[in-house]
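Chemist: Next up is a structure, given as structure tokens.
What follows is calculated from the coordinates using simple rules that are stated; it is not laboratory data. Model, not experiment: these values are computed from the prediction. All Cβ positions, even for glycine, are placed from backbone atoms using ideal geometry, and neighbour counts span all protein chains on display.
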């Protein structure tokens, strides 16, 4: 079974509320196909109203629902001493970036089954072992309440990478990269922030490319 981190005391996780900032109301202002836009009205430290705009996957009518829904996962996968990275075209920024396998958890699907499905759909590879699943974390806290999880996965030794299971809206080139190759990519290519952190920690775990922990 993969290792999971359990939530600590509810007193710790839920009572860290702002003393000065007061969330007064929430209003949905746009209903998109995948994202909904909300205006959150706060009373700030100066006692003045501040309207803050966010997007969410969730259909909400109560501020207490903010951050309740866990939408999906990112997969930090390796085969031996090589890290799996995806070079994919992201429509949101109109360019290629390096990213992790990622996707949404479908209704009725466990996180473990979602990990196996997404890895296969985006790369054609199979999970050998789910090493650890971190608890949900906010994906981009300045613009959304969306939460995702990160899974650390070992990939089966056999099996070839293929994009034949991707959709017409996905352009993905997956590959396994050595520490030296990851170092070069970090210095020369654009990444998503989460993938960039995983790639850097992969280098750290492999003591850099110089054998002494330096990069």
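Chemist: Comparing 135, 179, 63, which has the greatest mean-square fluctuation in the GNM of the chain with Cα pairs linked when under 10 Å apart?
Modeler: 63
Chemist: Right, here's the next one. For 152, 202, 138, what's the fewest-to-most ordering of other Cβ within 10 Å of each Cβ?
Modeler: Details: 152 17, 202 20, 138 12.
The fewest-first ordering by Cβ neighbours comes to 138, 152, 202.
Chemist: Using every alpha carbon pair in the stretch 79-119, what percent of pairs falls into each 10 Å bin from 0 up to the bin containing the largest distance?
Modeler: Taking every Cα pair in the stretch 79-119, the percentages come to 25, 38, 33, 4.
Chemist: Still on this structure, please answer the following. Report, to the nearest 10°, how far helix 193-205 tilts away from the longest principal axis of the Cα atoms in the chain, using its own Cα long axis and a range of 0 to 90°.
Modeler: Tilt relative to the chain: about 50 degrees.
Chemist: In whole Å and largest first, what semi-axes does the C-alpha gyration tensor of the chain yield when each eigenvalue is scaled by 5 and square-rooted?
Modeler: Values: eigenvalues 237, 81, 67 Å².
Gyration-tensor ellipsoid for the chain: 34, 20, 18 Å.
Chemist: Mean-square fluctuation check for the chain, GNM, Cα pairs under 10 Å: which of 95, 129, 82 is largest?
Modeler: 95
Chemist: For the chain, modelled as a GNM with alpha-carbon contacts under 10 angstrom, which of 123, 37, 188 fluctuates the most?
Modeler: 188
Chemist: Let me ask something else about it. What would the Debye equation give as log₁₀ I(q)/I(0) for the stretch 90-156 at q = 0.14, 0.18, 0.20 Å⁻¹, counting only Cα atoms as equal point scatterers?
Modeler: Results for the stretch 90-156 at q = 0.14, 0.18, 0.20 Å⁻¹ read -0.50, -0.80, -0.96.
Chemist: Report, in deg cm²/dmol and to the nearest 500, the calculated mean residue ellipticity at 222 nm for the chain, where each DSSP H run with n ≥ 4 adds -39500 (n - 2.57) and the sum is divided by the residue count. Numbers along the way, then the final one.
Modeler: Numbers: 4 runs with 41 residues, N = 215.
Rounded to the nearest 500, it is -5500 deg cm²/dmol.
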